[in-house]
């Protein structure tokens with residue numbers, strides 16, 4: 001069941017993404033409404049992070065396109081903010097929590113410019129929003145996992161974007177952080193922002209999100225939470241490995257065949 | 001000694017120039033090296049350094065002169081080309097980056113040595129001095145060479161300042177840099193170019209063989225002293241500058257000595273001292289920390305022991321003899337004695353005729369350790385559902401690390417309990 005919306009903020013059309021020629025996401029077609037809290041749900045290896053990275057143009061795609069606010073991503077970078085997985089960086093970097101949050105302002109500052117007073121204030125405000133103002137000068141390797149996640153979130157907030165993509169923000173954080181984050185996400189939704197969250201816990205997904213994308217190597221469902229989280233669709237997402245699909249992917253990799261034939265233009 | 005004074009009086013204009021040049025070269029490569037290190041591409045500098053040699057030789061063969069511009073250009077081209085080859089191999093074959101670096105390094109260097117040898121046997125008189133590129137010679141930095149290389153070194157320093165914020169983000173979180181619209185490819189190219197330039201100017205002082213040390217060692221050493229990137233860059237630059245100065249001195253006083261190895265030995269010594277003595281991260285301060293912990297644990301164990309004996313006898317006013325304490329718990333006698341003496345100085349115990357007595361402060365501290373021990377045992381049996389005979393060992397450690405805030409929380413969660421799992425009283 002894939003529900004499409006009018007005037008979507010995110011439109012993904014026939015998106016196929018491959019690693020080393022092996023497709024990990026097949027032909028995803030989806031649209032997301034504005035002002036929604038969207039959960040991207042699926043088992044391990046379903047391609048949840050891959051979908052978000054492909055939308056952010058961090059991965060080359062084998063086919064398809066993505067449009068955000070009906071524009072190409074390059075034109076609307078300033079309106080989009082990305083929270084990578086916490087493990088994607090080395091936290092033993094010589095920087096303080098404040099330094100990292102200030103990075104959220106770099107995009108609007110422009111090249112070579114130094115952060116000004118307004119940037120520093122915005123960064124401090126973002127730290128306050130996640131309850132980390134007293135840790136501003138703490139070296140980032142000395143923060144707990146939950147605190148590091150909050151710093152990443154604050155960095156995204158400092159960007160003042162309209163749409164947020166978050167890759168597993170709840171992974172490995174304490175319950176207090178999880179509650180603080182979800183509270184923040186709800187406030188953002190009330191301000192009309194769209195938040196897309198990669199999430200792995202089905203139980204809390206029902207509670208947290210009002211739009212769910214079910215993924216397992218292909219799009220299983222996309223729609224309002226109460227219509228999508230059905231027994232049948234969940235079984236389709238979690239039950240039964242797509243053995244043939246995996247094997248075909250392996251073949252593509254082994255025989256070095258591109259997953260799409262070259263288009264004759 | 002005379003030479004030392006002669007050199008450091010800087011009376012000789014030549015000495016002044018060589019010194020300034022060496023300092024600039026060494027500190028600029030140290031600063032660029034910080035970014036390579038943080039980007040975890042430390043080895044790439046080594047490959048570039050070795051790949052520069054064939055470029056220098058080719059430039060000489062083609063032009064027939066030792067004009068620094070032309071040699072620099074040649075060095076730059078092959079240095080850059082080696083990076084392109086590494087990227088190509090990593091992206092297009094199944095060979096991993098470390099193997100690709102090893103391959104490129106040895107192939108380029110091999111070609112370089114081949115060319116150098118053939119130049120040396122060609123009988124071209126102008127060639128003398130090209131072999132300086134192997135091990136470096138700071139004192140040969142004179143005239144036009146000095147000006148060209150110093151200008152490049154200054155440009156490198158300026159570039160890292162101008163692009164500081166971009167380079168920092170590139171090293172910390174490349175994916176994020178891309179999502180906020182930074183030209184990541186161009187910045188990578190910039191950092192690569194800076195690295196190549198740093199190598200090209202640095203080899204004047206150190207030579208190609210040891211250039212990687214000039215890029216990476218100051219950065220690695222500086223990292224031990226600070227948690228702030230600007231400070232790290234500054235420290236690395238100062239360390240680089242110092243070794244550059246030392247290199248110029250060696251080159252001046254002992255012309256037959258290879259300068260590069262001397263500079264590298266000095267910077268390595270600085271690095272080793274940093275690894276050992278830097279506060280916080282250094283090896284000595286870690287040992288001190290561990291020793292301090294051990295001594296605190298011993299103190300607390302003795303106070304706990306005295307408290308437990310008092311508790312058992314329901315008497316805190318009589319002194320306890322060492323033998324009595326030893327019967328209850330096997331601690332080495334001399335460490336008990338040492339610990340007791342230390343505690344006496346700190347006012348936690350007092351020595352009586354027939355043994356040792358807890359003072360009021362000592363009793364409070366000993367009681368707290370006993371309380372934490374029993375609280376933790378209770379917590380483990382209640383929350384982790386461990387059997388009561390499994391919890392003692394764990395509590396022996398945890399009793400020393402629980403903070404007052406955690407203690408408060410434990411009390412609250414366990415609802416201010418009176419007894420531990422072994423039915424001993426939890427003292428308040």
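Set side by side, the residues B:210, B:194, B:190 differ, and just one is modelled with pLDDT of 90 or more, touching a helix residue (DSSP H, G or I) at 6+ places or on another chain (Cβ under 6 Å), more than 20 Å from residue B:20 (Cβ to Cβ) and more than 10 Å from chain A (Cβ to nearest Cβ), which is B:194. Checking each residue of segment B:134-148 against the condition of being modelled with pLDDT of 90 or more and crowded, with 23+ Cβ neighbours inside 10 Å gives no match.
Picking from residues in segment A:35-52 that are surrounded by 21 or more Cβ atoms within 10 Å (Cβ to Cβ) and under 22 Å from residue B:181 (Cβ atoms), the one that is farthest from the other protein chains (Cβ to nearest Cβ) is A:51. The test for being without any contact (Cβ under 8 Å) to a residue 40 or more places away in the chain, exposed (fewer than 15 other Cβ atoms within 10 Å of the Cβ), farther than 22 Å from residue B:415 by Cα and out of contact with any helix residue (DSSP H, G or I) (no Cβ under 6 Å at 6 or more places or on another chain) holds for residue B:397.
Residue A:132 satisfies every condition listed in (1) buried (at least 21 other Cβ atoms within 10 Å of the Cβ); (2) more than 8 Å from chain B (Cβ to nearest Cβ); (3) within 17 Å of the chain's Cα centre (by Cα) except (3). The single residue among A:154, A:161, A:171 that is within 14 Å of another protein chain (Cβ to nearest Cβ) and part of a loop (DSSP other than H, G, I, E, B) turns out to be A:161.
Each row is one residue, and each column tells you yes or no for (1) out of contact with any helix residue (DSSP H, G or I) (no Cβ under 6 Å at 6 or more places or on another chain); (2) within 14 Å of chain A (Cβ to nearest Cβ); (3) more than 24 Å from residue B:236 (Cβ to Cβ); (4) without any contact (Cβ under 8 Å) to a residue 24 or more places away in the chain.
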| position | (1), (2), (3), (4) |
| --- | --- |
| B:28 | no, no, no, no |
| B:42 | no, yes, no, no |
| B:52 | no, no, no, no |
| B:60 | yes, no, yes, no |
| B:63 | no, no, yes, yes |
| B:71 | no, no, yes, yes |
| B:84 | yes, no, yes, yes |
| B:91 | yes, yes, yes, yes |
| B:131 | yes, no, yes, yes |
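Residues in segment A:14-41 that are closer than 28 Å to residue A:186 by Cα and part of a strand (DSSP E or B): A:28, A:29, A:30, A:31, A:32, A:37, A:38, A:39, A:40, A:41. Only a single item in (1) within 12 Å of chain B (Cβ to nearest Cβ); (2) under 15 Å from the mean Cα position of the chain (by Cα); (3) touching a residue at least 24 places away in the same chain (Cβ under 8 Å) is not met by residue A:57, and it is number (3). Among the residues of segment B:216-236, the one identified as within 15 Å of residue B:273 (Cβ to Cβ) and free of Cβ contacts under 8 Å to residues at least 40 places away in the same chain is B:235.
In segment B:159-167, is there at least one residue being within 14 Å of chain A (Cβ to nearest Cβ) and under 17 Å from the mean Cα position of the chain (by Cα)?
The answer is no, given that none of the residues of segment B:159-167 is within 14 Å of chain A (Cβ to nearest Cβ) and under 17 Å from the mean Cα position of the chain (by Cα).
Scanning segment A:105-119 for residues that are in contact (Cβ under 8 Å) with a residue 40 or more places away in the chain and within 8 Å of chain B (Cβ to nearest Cβ) yields a single hit, A:107. Of all residues in segment A:64-90, those being more than 17 Å from residue A:161 (Cβ to Cβ), crowded, with 18+ Cβ neighbours inside 10 Å and more than 8 Å from chain B (Cβ to nearest Cβ) number 2. Assuming residue B:222 fulfils every condition listed in (1) touching a helix residue (DSSP H, G or I) at 6+ places or on another chain (Cβ under 6 Å); (2) surrounded by fewer than 24 Cβ atoms within 10 Å (Cβ to Cβ); (3) within 14 Å of chain A (Cβ to nearest Cβ) apart from one, which condition is it? Result: residue B:222 fails condition (2) only.
Would it be correct to say that residue B:202 is free of Cβ contacts under 8 Å to residues at least 12 places away in the same chain and either touching a helix residue (DSSP H, G or I) at 6+ places or on another chain (Cβ under 7 Å) or within 11 Å of chain A (Cβ to nearest Cβ) (or both)? No, not satisfied. For segment A:91-103, a residue qualifies if it is more than 7 Å from chain B (Cβ to nearest Cβ) and either under 23 Å from residue A:197 (Cβ atoms) or crowded, with 20+ Cβ neighbours inside 10 Å (or both), and the qualifying residues are A:91, A:96, A:97, A:98, A:99, A:100, A:101, A:102.
When residue B:306 is tested against (1) at pLDDT 90 or above; (2) not assigned by TED's automatic domain parsing to the domain that holds residue B:140, only condition (1) is not met.
Does segment B:139-158 contain any residue that is assigned to a helix (DSSP H, G or I), away from chain A (no Cβ under 11 Å) and within 25 Å of residue A:58 (Cα to Cα)? No - not one qualifying residue is present in segment B:139-158. Here residue B:177 qualifies as at pLDDT 90 or above, crowded, with 17+ Cβ neighbours inside 10 Å, within 14 Å of chain A (Cβ to nearest Cβ) and more than 22 Å from residue B:68 (Cβ to Cβ). Every condition in (1) outside any helix (DSSP H, G or I); (2) touching a helix residue (DSSP H, G or I) at 6+ places or on another chain (Cβ under 7 Å); (3) at pLDDT 85 or above; (4) surrounded by 12 or more Cβ atoms within 10 Å (Cβ to Cβ) holds for residue B:316 except the one numbered (3). Check whether at least one residue in segment A:8-21 is surrounded by fewer than 21 Cβ atoms within 10 Å (Cβ to Cβ) and under 24 Å from residue B:180 (Cβ atoms), and report yes or no. Checked segment A:8-21: at least one residue is surrounded by fewer than 21 Cβ atoms within 10 Å (Cβ to Cβ) and under 24 Å from residue B:180 (Cβ atoms). Counted as qualifying within segment B:344-428 are the helices (runs of 4 or more DSSP H) with 1 or more residues that are in contact with a strand residue (DSSP E or B) (Cβ under 6 Å, 6 or more places away or on another chain), namely B:360-383.
Take the residues in segment B:380-394 that are buried (at least 16 other Cβ atoms within 10 Å of the Cβ) and in contact with a helix residue (DSSP H, G or I) (Cβ under 6 Å, 6 or more places away or on another chain); name whichever of them is nearest to residue B:313 (Cα to Cα). Selected residue: B:391.
The values are calculated or read from the model by the stated rules, or taken from the named source; none is laboratory data. What you are looking at is a predicted structure, and each value in this text was computed from that prediction instead of being measured. Quick reminder, even Gly has a Cβ in these numbers, built from the backbone with ideal geometry, and neighbours come from all protein chains shown.
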